[in-house]
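Coordinate-derived values only; no laboratory data. These numbers come from a predicted model, not from an experiment. Don't worry about glycine lacking a Cβ; one is built from the backbone with ideal geometry, like all the others, and counts go over all protein chains shown.
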Amino acid sequence: MLLSLQRLVIAAVAAAITVTASPLVPYEQKPLVGELQRPESSDVSEAASRKLTGKFLHITDRFYVPGSLTDEEACHHGRGNAGYLGAPGSECDSPELLIDQTFEWINKNLRDKVDFVIWTGDSARHDNDERIPRTENQIEEFNKAIADKFIEVFSHRSAHPDETLIIPIIPNIGNNDIMPHNIFEKGPNRWTEKLSHLWEAFIPEEQRHTFVEGGYFHTEVIPNKLAVFSLNTLYFFDSNQAVDGCAQKSEPGYHQMEWLRVQLQILRERGMKAILMGHVPPARSADKQAWDESCWQKYTLWLKQYRDVVVGGLYGHMNIDHFMFQDSKDVDMDSLMNEERMAPFVTENNYENFTIESKGSYLSSLRDLWADLPTPPASVLEGDWSISDSDDDLDAAGKKKKKKSDKKKEKEKKKKFFKKIGGKYAERFSLSLVSPSVVPNYYPSLRVIEYDITGMEEVPTWADVQHNKAGKKDGQWVDREIEIQKKSKKSLIPDPPSKKAPPGPAYSRQPLTLLNIAQYYANITKEEKIKGEDAVEDGSSSKGLRVNYELEYHTQEDDIYQLHDLTVRSIYNLATRIGVGDTTSSLSTETENDHTDVDEINANEVEESSKTGNNKKNNTTKKKKNYKKNKTWKAFAERAFVGYLAYEEIEDKL
């Protein structure tokens, strides 16, 4: 929803990844246009000489006057005590100083350590000030200003600098980047055309027609290996009254889902993987629903069917740091097959008034969902994902092992647990990560996500492809795309992975698996007090104020989260600890390369899943523990608000 430099979501891959992996056997890579070789560094530009590292980023609002009131004036009028760097805890947009200094910090600390930037929308100010209504020209100016910032930071710096990007930047349309906000009509429309022009440097030439038609596109950020899909979530957004979901063929949401299906199938055949990104996340709990139900249902089914392709989903909009699962057990296959309009999962959705209280309620609804997840048996919590018996009578420490009868019982428990979660890789679920914003509403934040590039250190990069004038669609894939489109009209459900296909990077550690998040934040309140308090009071200059980002937490090194990676089953373990109680183990231990057929597992659950919805009963109260003593839940709740509020300050709102 709001944001400003929002979620400078910086998913990053460190240049020198030292972790070793035992990757599954990869698909045969099929080049887009012949074999592409890395050019010699002496012959090419700064961009083409770089090797893979990996990161992505986000931005928004500038209409802000220091010294404004923070409650009623949205920090636009210059009367009050709002600081020069922003007003954490308010609905104010981000000041230009904060945005400028954030980009300076990125330039100094991240520019040469990232492979690509994911910019998840909302660059224009919010439509929350009746005294200064927004205009179309103003919205265009805001979007252009942020686009220019990205170009300024991520362009060549040779003896003859130009505006050629050194890495790909993938923008996305936010609900405040258009006018009126939230309302986005079927394309082509004036906003797809305007943004197509403003984002000309970011959208691949061969994708511009697709963007003008619907506001979505994809970019091969690692040629022939990884594509990032910029989804137009406004066609899925429940608050967009100009469209009506994804069930009917007349709706743009339906066409975007079909486009996504075809493109994911093409990537599967090319042996490539995909990251999906968008502005509004697919939130769906007893408290909040962000997407139209028919769009959520299709998206969840698509992710299940293309779980061998999709690396993960990355979103913004909600301004709080959290994650969510899409549970394929909740897919209503009958309604999808009949292309029926679906009733909302949450009948009353107070989504536009997303206060601290409502956010606390939303987080609690997620916690309650996770309390109802199948609980891992003890042996799985200890990292043992195998289901075979050992012939040894002693463990590594020389202690007597369990009796055979106990081992048999434990084995049966694991089999039942794996069946419930879609096999030992938890393939019943897909995962969306939601990043907080750069203000509003709390402390400015950005994140760096490391992913596995084992074996890809020397592969040609996006810049190499640009240098070689390659990257346009190959004729064979254009023709194949048409064939898939024809086939999809006959079969409404995409094909699942081959039974011989290994689990995808979202489920099992391999190249392109997301490994960890380094979450950064800037305590601008402290900065204002140290250097700017007197200046704001007497209206003098903000000289001396600096935005300084520091590490808030690191998922792999954190004593609380203890995540070995960001695979679905690792996050599943974290979710159960949040919902039920703390454990000291992780579920992310790698096992042998066998896996359970999730399609077979879920085949008998369709009838049951179609009966869930709002009438779904749970036994949450039986599983709940004293959450005050659950350190994982407390950390999750505090981090949702980027450390701006202590748990004691938000406890009564949860």
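Under a point spin-label approximation (7 Å from Cα along Cα-to-Cβ), what is the GLU205-ARG111 distance to one decimal in nm?
Result: 2.7 nm between the two label points.
From the cross-link list LYS411/LYS634; LYS329/LYS413; LYS273/LYS419; LYS329/LYS404; LYS194/LYS288, which pairs have alpha carbons spaced over 23 Å apart?
Going by Cα-Cα distance, LYS411/LYS634; LYS273/LYS419; LYS329/LYS404; LYS194/LYS288 fall outside the 23 Å limit.
Sorting LEU110, LEU492 on the 10 Å Cβ count, fewest up front, what's the list?
LEU492, LEU110
When N counts the residues of the stretch 273-359, how does its alpha-carbon radius of gyration compare numerically with 2.2 N^0.38 Å, as a ratio?
On the way: Rg = 13.7 Å, N = 87, 2.2 N^0.38 = 12.0 Å.
That works out to 1.14 for the stretch 273-359.
If packing is taken as the average number of other Cβ atoms within 10 Å across a peptide's residues, how do 171-182, 247-258 rank, most packed first?
171-182, 247-258
State the Cα centre-to-centre distance between the stretch 480-526 and the stretch 166-204 in whole Å.
If you average the Cα positions of each part, the centres end up 23 Å apart.
Hey, rough spin-label estimate for ILE183 and GLU152, points 7 angstrom out along Cα→Cβ, what's it come to in nanometres?
It is 3.4 nm.
For a quick check: with amide H placed at 1.01 Å from N, whose amide H comes under 5 Å from ILE169's, ignoring anything fewer than 5 positions away on the same chain?
For ILE169, whose amide H was placed from the backbone, the distant partners under 5 Å are VAL117.
Do any of LYS249/LYS499; LYS108/LYS149; LYS149/LYS186; LYS113/LYS225 go past 21 Å between their Cα atoms, and which?
Long pairs (Cα-Cα over 21 Å): LYS249/LYS499; LYS149/LYS186.
For GLU481 and THR525 in one chain, what is 0.36 nm times their gap in residues minus the Cα-Cα distance, to one decimal in nm?
Gain in length upon complete extension: 10.6 nm.
Using 7 Å Cα-to-Cβ label points, what is the GLN138/SER491 separation (nm, one decimal)?
Distance between label points: 5.2 nm.
Mind checking the full-extension length gain between GLN248 and ASN338? Use 0.36 nm per residue of separation minus the Cα-Cα distance, one decimal, nm.
Result: 31.4 nm gained on full extension.
At 0.36 nm per residue, minus the direct Cα-Cα distance, what do HIS554 and GLU357 gain on full extension? Give it in nm, one decimal, please. Mind dumping the intermediate values first?
Working: separation 197, 0.36 × 197 = 70.92 nm, distance 2.69 nm.
The span from HIS554 to GLU357 would gain 68.2 nm if fully extended.
How would you rank 194-201, 209-216, 276-283, highest first, on the average number of other Cβ atoms within 10 Å across their residues?
Values: 194-201: 18.1, 209-216: 20.9, 276-283: 27.1.
Order by mean packing, descending: 276-283, 209-216, 194-201.
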